[in-house]
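Report on one structure; see the data block that follows.
The values are calculated or read from the model by the stated rules, or taken from the named source; none is laboratory data. Everything quoted here is computed from the prediction, not taken from an experiment. Cβ sites come from the backbone with ideal geometry, for glycine too, and all protein chains shown count toward neighbours.
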Amino acid sequence: MYGALLGDMIGAPYEFDRGDKSKEFPLFCKYSHFTDDSVMTIAVAEALLDFRFREDEDIKAGLVESMRKWGKKYPNAGYGRKFYHWLHARHPEPCGSYGNGSAMRVSSAGWLFDTLAETRHMARLTAEVTHNHPEGIKGAEATASAIFLARTGHGKDEIRDYIVREFGYDLSRTCDQIRPGYYHNESCQKTVPEAITAFLEGTDFEDVIRTAVSLGGDCDTLTCIAGSIAEAFYGVPAILAAECKSRLPEDMLYILGRFDIAREHGHDVIPDDTLTGNVLIEDAIVRYYEASTQQNLIGVLDAILQRSRAGGHFLIPVIPPQAMFDMIDIEHVKIGDTVTSQEEMHFKLHHIQTKDGKMWLAAFTSDEEYRRGEAASIIDNFIGSMLESCADMSDEGIIINPWGRSFLLTKDLIKLIIQVDKEGSAQ
């Protein structure tokens, strides 16, 4: 999503033909800030992260809820008149729009799914909740398709041929031919083909951004679309990714962090997967170890919630863990930020008593984490069921991966995860 967000920020100062249609301009200035394009890109990403394993109607309900939540949170981001009314309607309904908003917010759909067919289907869902005109849907599908093809190793000729064949866009013009007569137009028909052309002509990520801005018109949205495809093809230079993050508030950075984890590992996670997808939890714990911020703590809780929703399991030891000390050469175990010796800790069945006298239920995210200790009998259980059970037990909570980078999941945190899950299910 960095490409979409950067395109929005860099293009914003030149929207409404305020630039000179040149590729020579400062990438960032005091007016380089996110607009409604970024807000809705974040909103769609959150909804897909939360609901991508559910039925279509649940996904669409999640999209509506997320978009309205973020839109009201950032009410002055520059929404179009129709969309602004949709955000505040008592009963929001699709408005038949063919505006380019459906294409500028869809980038996460291009990354989170394993097949082109699924990518197009999800892109369609993200459009239909507001932009249910055929051109609005086409713009979203074309953009997400280009992202998918770019990130899966297809060349520019292949991408061009697919877009022309499937969506009928005219990609025969050059940017030099488009630029002189191009003006501000907020339709998909007059934005998506130009954005894709800018991507096709660009020589690297930055050049795509500069080329898109040079066309003028609705160039924050045009550059948002072009940048989202360019990221999938070229990647984003680290310095530009850092610049992007520096211009986003913490709540958006949190969704961006979730997306980064899902993008890296999400294609190996399927709804009935039990353990493989728990790498999401492990990665989130690593981030928390690197910086024990509230944002990273929320990241761990969110990873646990997502794995619970996806049917993930924890492994639970069912022998006295004292035997683990007896059978392996280990003198200390790190629990949270405390290094605890064998004498300071004793184990009962699958519980651990820390030196402060609190009892914790032991759980492991993977066989590899479990085998850091004794190879003994284990059971596996749904994460959701385990959370529900532990919430009513006398234990302090769950200690995740006690032999490695462990995490103390207190009962208060467990209840918070359960509450968020129930609220999400009720949407």
Only residues in segment 290-314 that are closer than 20 Å to residue 276 by Cβ count as the first member; pair them with residues that are hydroxyl-bearing (Ser, Thr, Tyr) and crowded, with 17+ Cβ neighbours inside 10 Å, Cβ under 8 angstrom, at least 6 apart or cross-chain, and list the lot.
299/254; 299/288; 300/288; 311/274; 312/274; 313/274; 314/365
Residue count, segment 129-154 (criterion: assigned to a helix (DSSP H, G or I) and of a type in the set (Val, Ile, Thr))
3
Please go through segment 50-99 and pick out each residue that is touching a Pro at 6+ places or on another chain (Cβ under 7 Å) and at pLDDT below 90.
53
Could you pull out every one of the strands (runs of 3 or more DSSP E) wholly within segment 346-427 that has 3 or more residues that are within 30 Å of residue 50 (Cβ to Cβ) and at pLDDT 85 or above?
359-363, 397-400, 407-410
Hey, residue 169 over 23 Å from residue 66 (Cα atoms) and in contact with a Pro (Cβ under 6 Å, 6 or more places away or on another chain) or not
yes
Assess whether residue 33 counts as being surrounded by 15 or more Cβ atoms within 10 Å (Cβ to Cβ), modelled with pLDDT of 90 or more and not polar (S, T, N, Q).
yes
Suppose the filter is surrounded by 15 or more Cβ atoms within 10 Å (Cβ to Cβ), touching a residue at least 24 places away in the same chain (Cβ under 8 Å) and touching a Leu at 6+ places or on another chain (Cβ under 7 Å); does residue 6 pass it?
yes
Flagged pairs (Cβ under 7 angstrom, 6 or more apart or on separate chains; first in segment 360-378, in the same structural domain as residue 399 (by TED's automatic domain parsing) and crowded, with 21+ Cβ neighbours inside 10 Å; second acidic (Asp, Glu) and at pLDDT 85 or above) are 360/396; 365/282
Looking only at segment 405-425, which residues are free of Cβ contacts under 8 Å to residues at least 40 places away in the same chain and buried (at least 19 other Cβ atoms within 10 Å of the Cβ)?
414
Please verify whether segment 134-141 includes one or more residues that are surrounded by 17 or more Cβ atoms within 10 Å (Cβ to Cβ), of a type outside the set (A, V, I, L, M, F, W, C) and more than 20 Å from residue 40 (Cβ to Cβ).
no
Looking only at segment 157-180, how many residues end up being under 30 Å from residue 16 (Cβ atoms) and assigned to a helix (DSSP H, G or I)?
11
Among the residues of segment 264-275, is there at least one that is at pLDDT 85 or above, outside the structural domain of residue 114 (by TED's automatic domain parsing) and surrounded by 18 or more Cβ atoms within 10 Å (Cβ to Cβ)?
no
Matching residues, segment 223-255, being among the aliphatic types (A, V, I, L, M), more than 17 Å from residue 151 (Cβ to Cβ) and part of a helix (DSSP H, G or I)
238, 239, 240, 242, 252, 253, 255
Can you find even one residue in segment 25-33 that is of a type outside the set (Val, Ile, Thr), free of Cβ contacts under 8 Å to residues at least 60 places away in the same chain and under 22 Å from residue 204 (Cα atoms)?
yes
Exactly one condition in (1) more than 22 Å from residue 42 (Cβ to Cβ); (2) modelled with pLDDT under 95 is not met by residue 218; state its number.
(1)
Just to be sure I understand, how many residues within segment 40-79 are within 30 Å of residue 216 (Cβ to Cβ) and touching a residue at least 60 places away in the same chain (Cβ under 8 Å)?
7
Among residues belonging to segment 1-60 that are among the polar types (S, T, N, Q) and assigned to a helix (DSSP H, G or I), point out the one that is nearest to the chain's Cα centre (by Cα).
41
Check segment 299-319 and report whether any residue there is surrounded by fewer than 20 Cβ atoms within 10 Å (Cβ to Cβ), out of contact with any strand residue (DSSP E or B) (no Cβ under 6 Å at 6 or more places or on another chain) and at pLDDT below 80.
yes
If you take the residues in segment 181-200 that are assigned to a helix (DSSP H, G or I) and in contact (Cβ under 8 Å) with a residue 40 or more places away in the chain, which one is surrounded by the fewest Cβ atoms within 10 Å (Cβ to Cβ)?
200
